[in-house]
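What follows is a set of notes on a single structure, which appears directly below.
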Amino acid sequence: MLQRTRYSPPETDRPLARPALQFARAWFRLLNSGAVVAGGKQLKTDGHGHWSVYGDESERSLKKVPPELRVDFVNGAVAHRLRFGGGRGQDIAKAMGLRGGKTPNIIDATAGLGRDSFLLASLGAQVTMIERSEKMHALLVQGMERAAAEGGELREIIGRMTLLKGDAKDLLPEVSGEAILIDPMHPPRKSSALVKLELRQVREIVGNDDDAADLVRLALRHALNRVVLKWPAKADPIQGIRPCTHQILGKTTRYDVFMTGQG
């Protein structure tokens, strides 16, 4: 796989190497200029690692293909968080009411990649996950199956997670939960380059969650104890919902907690 790389010719003062050095420097200047010719085909680059071959009937992109999105509860960030995340001292655990020996039944109304649900289940909570995207739901099923197949602690955690397919606005009246977590797609950042590839892939699948305010209002009518809105720390509140009871602030994320007093 050919990728854009900044080359530097070797430095040397040996007289006998100067002709070769001059040739090498000329070649490196040509290569770094954004267009070289190889095998009769012209290679062009946009300067950001994206090369294309010209000269055929069709243009063939040589850009590195990003990895396919997958739900992984076994490795990576989820595994690290499971082992070193801080247990019930984490912000999301406190926001959802996992304190003082209490372990509420939780509904994750916007399951997404399932990471928050997995964390809460790892702390002992029974979690019902709701996902309306057919593709995201399928990824969750695959991820849960892989984790369960590992056996041991992972199987036990997955055993506390129930996945439902459908729109939370339709399903919330039919399920019971002491605490409801809502983590809609966050407002797009001004610089898309700052958004991780994985989050961009999720947005492409699930969209922008323009009905987040409707979902929060509905959740407030059905949560027995609280509704928790996970939102960027510096983002404006979602319009059209009442002020939260209190907030738990992190570096990049805040949890707006709405106590319902029904349970």
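A short reminder: the numbers here are calculations on the coordinates, not readings from a lab. Keep in mind it's a predicted model, so treat the numbers as computed, not measured. Positions of Cβ are generated from backbone atoms using ideal geometry, with glycine treated the same way; all protein chains shown enter the neighbour counts.
Here are the numbers:
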item	result
Residues Ile248, Ile106, Ile180, Ile205 arranged by fewest to most Cβ contacts within 10 Å	Ile205, Ile248, Ile106, Ile180
Projected-area average for region 92-143 over all orientations - Cα convex hull basis, square nanometres	3.4
Exposure proxy ranking, count of Cβ atoms within 10 Å, fewest first, for Ser117, Ser122, Ser176, Ser133	Ser176, Ser133, Ser122, Ser117
Gyration tensor (alpha-carbon) shape descriptor, region 138-252, a/c threshold 1.5	oblate
Residue order, fewest to most beta carbons within 10 Å, for Met136, Met96, Met185, Met161	Met185, Met136, Met161, Met96
Summed residue charge, Cβ within 13 Å of Lys102's Cβ, Lys/Arg positive, Asp/Glu negative	+3
Cα-based shape type of region 201-263, given that a ≥ b ≥ c are square roots of the gyration tensor eigenvalues and the cut on a/c is 1.5	oblate
